[in-house]
Amino acid sequence: MTEHTIAVVTTTVATPADARQLATQAVQARLAACAQVEAITAHYRWQGALHEDAEWRVAFKTTQAAAPALLDWLQARHPYDLPQLLAQPAQASAAYAAWVRGEVALS
């Protein structure tokens with residue numbers, strides 16, 4: 001990974017209020033530099049039945065070093081029994097990566 005690598009951590013929740021709460025609190029806690037919220041439709045099998053539900057995806061931009069702490073934080077606060085918690089490296093511009101590092105406390 002290079003100095004321009006950040007982490008993108010994503011999760012989904014059932015309501016815009018839950019998405020807004022997780023996004024705001026993670027940024028306030030300096031575990032993420034920013035969080036983007038978008039409406040999606042999820043298709044999945046759960047407990048033997050097929051489901052199609054409206055959900056809200058939250059994408060948190062953070063550092064590679066802070067990603068494990070953010071994942072733990074999300075796990076402890078997530079409203080789902082089995083939340084989707086994904087972390088992926090992403091190449092960013094030098095300026096954006098520097099901004100993310102400056103905003104995240106665990107850089």
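The table for this structure:
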{"item": "Cross-chain or 6+ apart pairs with Cβ under 8 Å, the stretch 1-27 first and charged (D, E, K, R) and modelled with pLDDT of 95 or more, then open to solvent by 60 Å² or more (accessible area, probe 1.4 Å) and assigned to a loop (DSSP other than H, G, I, E, B)", "result": "18/79"}
{"item": "Filter result for the condition that a residue is open to solvent by less than 30 Å² (accessible area, probe 1.4 Å) and more than 14 Å from residue 104 (Cβ to Cβ), over 76, 19", "result": "19"}
{"item": "Top-ranked residue in the stretch 1-16 [being in contact with a Lys or Arg (Cβ under 7 Å, 6 or more places away or on another chain) and over 20 Å from residue 54 (Cα atoms); ranked as surrounded by the fewest Cβ atoms within 10 Å (Cβ to Cβ)]", "result": "8"}
{"item": "The stretch 28-51 residues that are free of Cβ contacts under 8 Å to residues at least 40 places away in the same chain and open to solvent by 90 Å² or more (accessible area, probe 1.4 Å), paired with ones that are of a type in the set (A, V, I, L, M) and assigned to a strand (DSSP E or B) (beta carbon under 6 Å, 6 or more apart)", "result": "36/59"}
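The values are calculated or read from the model by the stated rules, or taken from the named source; none is laboratory data. Everything quoted here is computed from the prediction, not taken from an experiment. Heads up, the Cβs are rebuilt from the backbone with ideal geometry, glycines too, and the neighbour counts pull from every protein chain shown. These accessible areas exclude ligands, DNA and RNA; they are computed on the full protein's heavy atoms, side chains included. Shrake-Rupley method; radii C 1.70, N 1.55, O 1.52, S 1.80 Å.
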